[in-house]
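Visitor: Take this structure, written in structure tokens, and hold onto it; I'll ask about it next.
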Amino acid sequence: MYLTVNETAEYLSLPVSYIESLIQQQRIRAVHDGQQYLINKEQFNRHLEQVEKYKKQLEEESHEPIPEDWDAKDED
């Protein structure tokens, strides 16, 4: 199923300009039918899932404790 840029923005509650910038940066694929860009709904959902996965991974890593005394010794 294909959505227009406006439909995609409404579906995801994101600004139209954000969707357009993703298309221009080629971060998501879109088909231009001569008048407008059409976005594959499933492909865009996969993009958002990857972004959310990355955010979750960063969040988990930010909560890892830093060792108090990391003693790095030069072997020379």
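The values are calculated or read from the model by the stated rules, or taken from the named source; none is laboratory data. Since the model is a prediction, treat every value here as computed from it, not as a measurement. Using ideal geometry, Cβ is built from the backbone for each residue, glycine included, and neighbour counts are taken over all protein chains shown.
Visitor: Which of the residues belonging to segment 41-68 are within 10 Å of the chain's Cα centre (by Cα) and either part of a strand (DSSP E or B) or among the polar types (S, T, N, Q) (or both)?
Guide: Step one: of segment 41-68, the residues within 10 Å of the chain's Cα centre (by Cα) are 44-55.
N45, Q50, listed by residue number.
Visitor: Right, next: Can we say V51 is at pLDDT 90 or above and of a type in the set (A, V, I, L, M)?
Guide: no
Visitor: I'm trying to understand the selection: among the residues of segment 1-24, which are touching a residue at least 24 places away in the same chain (Cβ under 8 Å) and surrounded by 13 or more Cβ atoms within 10 Å (Cβ to Cβ)?
Guide: Hits for segment 1-24 are Y2, L3, T4, V5, T8, Y11, L12, L22.
Visitor: When the residues of segment 6-29 are narrowed to those that are under 11 Å from I39 (Cβ atoms) and either over 16 Å from the mean Cα position of the chain (by Cα) or among the aromatic types (F, W, Y) (or both), which ends up modelled with the lowest pLDDT?
Guide: Narrowing segment 6-29 to residues under 11 Å from I39 (Cβ atoms): 6-9, 11-12, 19-20, 22-23, 28-29.
Imposing the further condition that a residue be either over 16 Å from the mean Cα position of the chain (by Cα) or among the aromatic types (F, W, Y) (or both) reduces the set to 6-7, 11.
Working: N6: 95, E7: 93, Y11: 84.
Result: Y11.
Visitor: Let me ask you something else. Is there a residue in segment 25-40 that is in a helix (DSSP H, G or I) and either of a type outside the set (D, E, K, R) or in contact (Cβ under 8 Å) with a residue 24 or more places away in the chain (or both)?
Guide: No - not one qualifying residue is present in segment 25-40.
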